[in-house]
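Worksheet: the structure to be examined is printed underneath.
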Amino acid sequence: MGMSSGSDAGHGAPMANINTTPLVDVMLVLLIIFMITAPLMADKVPVNLPVATSETPEKVEDTSPKVTLSIVRKNGATNYYWGEQLVTPETLAARMKAEAQNSNNKIRMKIRADKSCRYEDISAVLKLAKNSGVQFVSFVSSPEGRG
């Protein structure tokens with residue numbers, strides 16, 4: 001009665017302790033997998049981004065509000081997504097103006113435009129952003145090789 005100490009006295013008796021090393025190894029591998037895949041699932045709107053080379057990324061640490069505007073062209077129509085919500089061009093103008101006013105024109109807007117989008121659509125969004133008071137606009141693209 002008791003645990004086996006590994007001596008010859010308990011030859012053939014089952015061991016009562018559990019080896020946790022394989023469990024820890026599996027948990028660490030799962031943690032790494034989730035850490036790698038979580039950022040890839042952040043954007044819900046599927047956009048076929050253009051490929052571009054990037055210079056040294058700008059390192060700006062600020063607390064200004066950030067929003068992502070996705071522009072997707074499907075079946076000849078251009079769809080605009082404010083975050084993950086589908087919006088009309090009129091609603092988009094009102095949203096931009098309201099967000100710019102709420103943040104004292106410090107809002108940072110990232111534009112994720114599909115490769116198939118027309119220049120006119122993107123130009124219209126940039127004009128709309130300028131007229132609404134959005135001062136900081138950046139474009140999101142895929143790194144080279146990932147197309």
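Taking a ≥ b ≥ c as the square roots of the eigenvalues of the Cα gyration tensor of region 79-147, is the shape rounded (a/c under 1.5), prolate (a/b larger than b/c) or oblate? The shape class here is prolate. The amide H of ASN79, built 1.01 Å from its N in the peptide plane, has VAL72, ARG73, LYS74 as neighbours under 5 Å, considering only residues 5 or more places off or on other chains. With a threshold of 21 Å on the Cα-Cα distance, the over-threshold entries among LYS44/LYS127; LYS66/LYS115; LYS106/LYS130; LYS74/LYS97; LYS74/LYS130 are LYS44/LYS127; LYS66/LYS115; LYS74/LYS97; LYS74/LYS130. Relative to the present Cα-Cα distance, how much length would full extension add between LYS44 and GLN85 at 0.36 nm per residue of separation? This chain segment gains 13.8 nm when fully extended.
Can you give the charge dipole size of region 60-124 about its Cα centre, rounded to the nearest 20 debye, using +1 on the beta carbon of Lys and Arg and -1 on the beta carbon of Asp and Glu? Spell out each step's value before the answer.
Details: 11 positive and 8 negative charges, 24 e Å.
Around 120 debye, computed over region 60-124.
Placing R0 at 35 angstrom, the Cβ-Cβ distance between VAL67 and VAL26 gives a FRET efficiency of 0.35 after rounding to 0.05.
Quick note: the coordinates plus some simple rules give every number you see, no bench work behind them. Here the structure is a predicted model, which is why all the values come from computation and not from measurement. Every residue, glycine among them, receives a Cβ derived from its backbone with ideal geometry; neighbour counts consider all protein chains shown.
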